[in-house]
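The values are calculated or read from the model by the stated rules, or taken from the named source; none is laboratory data. Small disclaimer: the values here were computed from a predicted structure and weren't measured. We place every Cβ from the backbone using ideal geometry, glycine too, and count neighbours over all the protein chains shown.
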Amino acid sequence: MRFSSQLLVLADYLTGEFDNQQQALSDPAWYVHLRLWQAPIPIFTEDSITIFAEQANIISLDKPYRQRIMRLRETGNSDTPITVQYYMPQDPGGLAGGGTNPSKIQNLTSDQLELLPGCVLNVSVKELASCYEFSAVPPAEAKCTFTYLGNTVQVSLGFEVTQEELKTYDKGIDEETGRATWGAIMGPFRYRKVRSQETRS
């Protein structure tokens, strides 16, 4: 399937190795120094570009966590031309390190993933002089929850990305109070790409 230039550029902006060193040094009380990996994987290729993501604290790069799958798909809607659907790997620990070792994730199949119906983002696109600016926010009615280690977890997802910077708004939510308990509580994590990865066209 041929994808639009917008979808291909979004995938290009999102894939690679990212670092928020500058932010962590400027405001260490609120922002941990993280490394983020987002790598393309050959799954749902009939209509999507799919990305494996994980992250690690800079002092424990050998212990990546929060493994997840992002499926980028076109909608045909000019207001929100792309959606990002999230999936949870059934064995996230078995995929740990896949961001730097592609052999761990290249044989992943759809039956090894759990669809997270409420964990979806609508992506709007702004075309600038020589690049794009993407903004991904959840639908108003969406509630992103999943089960991890026997506990129900609620999160609020979102990101903005350009050629220069990736900003992530992911936060953990206390279901009783609706308040954020971890993540981008004081504003987005701001990443710079330190290494690129190719996506298929």
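Where strands (runs of 3 or more DSSP E) fall entirely within segment 31-148, those with at least 3 residues that are more than 18 Å from Gly16 (Cβ to Cβ) and either in contact (Cβ under 8 Å) with a residue 24 or more places away in the chain or not acidic (Asp, Glu) (or both) are at 65-74, 82-89, 113-127, 144-148. Looking only at segment 86-95, decide whether some residue is within 27 Å of Ala24 (Cα to Cα), among the hydroxyl-bearing types (Ser, Thr, Tyr) and touching a Lys or Arg at 6+ places or on another chain (Cβ under 9 Å). Taking every residue of segment 86-95 in turn, at least one turns out to be within 27 Å of Ala24 (Cα to Cα), among the hydroxyl-bearing types (Ser, Thr, Tyr) and touching a Lys or Arg at 6+ places or on another chain (Cβ under 9 Å).
In segment 101-118, the condition of being closer than 14 Å to Leu14 by Cβ and modelled with pLDDT of 95 or more is met by no residue. Among the residues of segment 101-130, just one is within 16 Å of the chain's Cα centre (by Cα) and of a type in the set (Ser, Thr, Tyr), namely Ser124.
The set of residues in segment 1-45 that are buried (at least 19 other Cβ atoms within 10 Å of the Cβ) and on the phi > 0 side of the Ramachandran plot contains only Gly16. In segment 80-100, the residue that is nearest to the chain's Cα centre (by Cα) out of those that are under 21 Å from Leu10 (Cβ atoms) and polar (S, T, N, Q) is Gln85. For Ala180, the conditions (1) more than 17 Å from the chain's Cα centre (by Cα); (2) surrounded by 11 or more Cβ atoms within 10 Å (Cβ to Cβ); (3) within 27 Å of Thr45 (Cα to Cα) are fulfilled apart from (3). Of the set (1) of a type in the set (Asp, Glu); (2) within 22 Å of Gly183 (Cα to Cα); (3) more than 12 Å from the chain's Cα centre (by Cα), all apply to Glu54 but (3).
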